[in-house]
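The values are calculated or read from the model by the stated rules, or taken from the named source; none is laboratory data. Here the structure is a predicted model, which means the values were calculated and not measured. Every residue, glycine as well, gets a Cβ built from its backbone with ideal geometry; the counts of neighbours run over all protein chains shown. The protein model used for the area step is the full one, side chains on, heavy atoms only, and it has no ligands, DNA or RNA in it. Shrake-Rupley method; radii C 1.70, N 1.55, O 1.52, S 1.80 Å.
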Amino acid sequence: MKRSLFGRVWPNATAVVLCIGFVFPVYWMIATAFKPTGDIVSENPVWFPTDVTLEHFRTATGADHFWTFVTNSLTVTVLAVVFSLVIALAGSFALARMRFRGRRGFIIGFMLAQMAPWEVMIIAMYMIVRDASMLNSLVPLTAFYTMMILPFTVLTLRGFVAAVPAELEESAMVDGCTRMQAFRRVILPLLAPGLMATSMFGFITAWNEFALVLVLNKDAEAQTLPLWLTSFQTVFGNDWGATMAASTLFAVPILILFVFLQRRAVSGLTAGAVKG
């Protein structure tokens, strides 16, 4: 009886400890954003903010080029996600439905591209963009973000396309649909969970990207929100209140996206990983 009780308690206790470990940094970030500066720099930690203030949020949003950073981040992120989904839909359909020479090599290549750290190519990326006279532009950022998202998107959607019975597509073609019409009317609606999962992953990847925009875009008019987070570090020290407020605002779009897409995204990640 004691052993059975222990077997039920320790997994739950471990889960609680892990949850606290993951959630506490987020709580501390949000709590610090609302604390007065005196509580932030106090030698004794203030675990719960008593005097709530919005001053740090006003400082964060009042930084130079803030709305430019917001516009640039939304532009490159949304475009990268859309482009990767459009390309991946065609690529995943070809890999799942068609049999051609080198198909297995293509799949292995996408897996290797997903595993390889793209940072090893950042010098080559800089040289290509510099030689093309496209530094301080959102176009190369969008293209590179699309390339970063694409391998995962193709592999995930391939699993979903493979999970759809080919007989459904063949029946639609027997009823008079072309292959494109069958794909649009039969397969595409069934790919909704996969599209949600891959779009969320792509959004997070592009939204959080820091190193590439730091190297390619030195002009503030062409920078994105991750660089905005560094603007509160000066020679006089760090403005931790503004930094935490900025970090909280930076995380809001991802949290909103996750709340709306959570169920479909989780099922999409799971199904796409084990099928096909």
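Tabulated data
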item: Residue satisfying all of: in segment 110-126; among the aromatic types (Phe, Trp, Tyr) and open to solvent by less than 70 Å² (accessible area, probe 1.4 Å); nearest to Thr198 (Cα to Cα) among these; result: Phe110
item: Candidates Thr146, Thr77, Thr53 - the one that is open to solvent by less than 40 Å² (accessible area, probe 1.4 Å), farther than 25 Å from Thr243 by Cβ and modelled with pLDDT of 80 or more; result: Thr146
item: Within segment 159-182, tally of residues that are under 28 Å from the mean Cα position of the chain (by Cα) and either open to solvent by less than 30 Å² (accessible area, probe 1.4 Å) or not assigned by the TED database to the domain that holds Phe69 (or both); result: 4
item: Verdict on Val129 being more than 30 Å from Leu257 (Cα to Cα), in contact (Cβ under 8 Å) with a residue 12 or more places away in the chain and surrounded by 15 or more Cβ atoms within 10 Å (Cβ to Cβ); result: yes
item: Filtered residue count, segment 75-84, keeping only those that are touching a residue at least 24 places away in the same chain (Cβ under 8 Å) and over 12 Å from the mean Cα position of the chain (by Cα); result: 5
item: Unique residue being of a type in the set (Phe, Trp, Tyr), open to solvent by less than 60 Å² (accessible area, probe 1.4 Å), assigned by the TED database to the domain that holds Ala143 and modelled with pLDDT under 85 when the list is Phe93, Phe106, Phe100; result: Phe93
item: Output for segment 225-258, where each listed residue is among the aliphatic types (A, V, I, L, M), surrounded by fewer than 15 Cβ atoms within 10 Å (Cβ to Cβ) and within 20 Å of Ser73 (Cα to Cα); result: Val252, Ile254, Leu255, Ile256
